[in-house]
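Report on one structure; see the data block that follows.
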Amino acid sequence: MTAQTAQTVQSPTAAAVDGGSVRRVLWVPQVLLAAFLLIASGLPKLVGQADAVETFDLIGWGQWFRYVTGIVEVSGAIGLLVPRLAGLAATGLIGLMAGAVTTHLLVLDPAWSLMPAAFAVIFAAIAWNRRHDTRELLHSLKR
């Protein structure tokens with residue numbers, strides 16, 4: 001066996017170890033972002049915290065949109081903590097963060113658009129790492 005062949009044979013194992021390592025590393029931001037979305041962002045919207053009500057008044061879409069956003073955030077937070085749903089939740093949360101970035105840039109304070117943009121990058125890493133799980137989940141729903 002040549003050195004190149006040996007390297008090729010070891011590559012799938014090395015890739016599997018790296019994928020598992022990345023997944024373990026991503027659990028830290030997954031848990032932290034889930035806690036943030038649940039405690040600091042989603043629940044205040046659902047219970048009608050004064051600053052959340054004021055922010056959605058500024059956005060101008062009505063308070064129903066605050067409830068929808070809160071439900072999406074809480075659902076996404078729960079999904080991030082369920083391994084089988086984490087990729088799908090992260091994918092959905094990328095869309096939510098795109099809306100948040102747009103809203104901050106156009107309506108609210110543009111400087112605050114950096115936070116949801118950074119969150120979207122982390123959600124994209126989670127979604128990419130969990131893409132096989134998400135594909136398997138979606139295929140199981142077709143059956």
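Here, each number is a calculation from the coordinates, and none is a lab measurement. Since we're looking at a predicted model, the values are computed, not measured. All Cβ positions, glycine included, derive from the backbone under ideal geometry; neighbour counts span all protein chains shown.
Write out, first by first residue and then by second, each pair whose Cβ atoms fall under 6 Å of each other, whose residues are 6+ apart or on separate chains, and whose first residue, in the range 90-104, is free of Cβ contacts under 8 Å to residues at least 24 places away in the same chain while the second is part of a helix (DSSP H, G or I) and among the aliphatic types (A, V, I, L, M).
Matching pairs, first to second residue: Val101/Ala117.
Applying the selection to the range 38-94, what residues are among the polar types (S, T, N, Q) and within 21 Å of Pro110 (Cα to Cα)?
Ser41, Thr55, Thr69
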